[in-house]
Amino acid sequence: MNASAPTTAETLRHTLGGLLDGLPPKQAAAAVERLIASYRGQTPTDAPVLRDRSDVAAYAAYRMPATFEAVRAALDGLAEAAPGWAPGSHVDVGGGTGAATWAVDATWDGPRQTTVLDWAEPALKLGQELARASASPVLRAADWRRAVIGSGLSLPDADLVTVSYVLGELTPQARTAVVAEAARAGQAVVLIEPGTPEGYLRIREAREQLIAAGLRVAAPCPHDGTCPIEVGQDWCHFSARVSRSSLHRKVKGGSLPYEDEKFSYVAATRFPVEPAAFRITRRPQIRKGLVLLELCGPQDGEGAGLTRVNVTKRHGDLYKAARDADWGQAWPPPSSGEDE
């Protein structure tokens, strides 16, 4: 794990600081509104979502901090399942201004060849500007390439392939093609989508495609079986806390110093991993002398299921761990040595 992760996040926020200087507020707001629709997956397309410099600047201010934190949280799940592994090469598909490349840099130390692919030239140019302003030699040396993200996509082989907040922008045919190529090229593949019912369904579909291609699930699922969630009744998603700069609050029209980014994800690999025994699928409910956990994991030796567990004071150290546990974390904690 990369000990410089907080520094990376702060550097990104600082670098974004002057991004909208000179851009008329109304123009920025209009670009943000259109990008919100695309981000929510309401406009599948076969054309770039980011069209010009104003779009890219608005996108970076509006989405980059949240995308960075969501991707970093997903990568943490992979890193926990593969503690002795670090990618020596990374391809970011539809990387835009490079939030996922910053997240990878915040997760793993060491030398790494990074390639960012996107079909919007303005996004690539701005992403390269941001990366060159960082202190990371990996980010500064990243290769930014224009590519059509869809059917016919050809990726270089890589230790890690990320596809974040892209699948919802694609037609179903292009989406299938991109996931198939990511599965072919990557030793590890991490896919992230918005934490909406639609975003979850795209991840669920892609997860099944990755498994069919021979990859094993590393996170968040503690299993390779069928997702136990009944479609239409619930959806699997998680949350990442995002610190908001004054610029970020201005662009998004908010006043709080933070927001919670909801996301769905899957990480899968072609090498052995150690998935969590169980995964906390909702925010823990803390009561007097009791913590209620909602878990996904093995169920009576018959595949996977959803379980509610009450952890009380009589559980000792496990109860203390449950009070500190967070949505999306593995359960039980590695140090407890106990199973539920």
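The values are calculated or read from the model by the stated rules, or taken from the named source; none is laboratory data. Here the structure is a predicted model, which is why all the values come from computation and not from measurement. Because the Cβ atoms are built from the backbone with ideal geometry, glycine has one as well, and the counts that use them run over all protein chains shown. Quick note on the areas: whole protein, heavy atoms, side chains included, nothing else; ligands and nucleic acids left out. Shrake-Rupley method; radii C 1.70, N 1.55, O 1.52, S 1.80 Å.
Could you tell me how many of the residues in region 144-169 are touching a Pro at 6+ places or on another chain (Cβ under 6 Å) and surrounded by fewer than 24 Cβ atoms within 10 Å (Cβ to Cβ)?
Number of matching residues: 1.
Give all pairs with beta carbons closer than 9 Å in which a residue from region 228-254 that is small (Gly, Ala, Ser) and open to solvent by 40 Å² or more (accessible area, probe 1.4 Å) meets a residue that is outside any loop (DSSP other than H, G, I, E, B) and at pLDDT 90 or above; count only pairs at least 6 apart in sequence or on separate chains.
So the pair list comes out as Gly232/Pro197; Ser243/Glu69.
Kindly evaluate Leu210 against the criterion of being of a type in the set (A, V, I, L, M, F, W, C) and open to solvent by 10 Å² or more (accessible area, probe 1.4 Å). Step through it out loud before you land on a result.
Details: of a type in the set (A, V, I, L, M, F, W, C): yes; open to solvent by 10 Å² or more (accessible area, probe 1.4 Å): no.
Here the answer is no, as Leu210 does not meet what is asked.
Name the residue that is modelled with the lowest pLDDT, counting only residues in region 84-94 that are open to solvent by 10 Å² or more (accessible area, probe 1.4 Å) and not polar (S, T, N, Q).
Among those residues, the one meeting the criterion is Gly84.
Being open to solvent by 40 Å² or more (accessible area, probe 1.4 Å) and free of Cβ contacts under 8 Å to residues at least 24 places away in the same chain is the filter; apply it to region 281-298 and report the residue that is nearest to His237 (Cα to Cα).
In this case the residue turns out to be Glu294.
Sort out which residues of region 104-126 are touching a residue at least 40 places away in the same chain (Cβ under 8 Å) and small (Gly, Ala, Ser), and write them in order of number.
Matches in region 104-126: Ala106, Ala120, Ala123.
Can you tell me which residue among Ala133, Ala73, Ala141 is in contact with a His (Cβ under 9 Å, 6 or more places away or on another chain), open to solvent by 10 Å² or more (accessible area, probe 1.4 Å) and among the small types (Gly, Ala, Ser)?
Exactly one residue qualifies, and that residue is Ala133.
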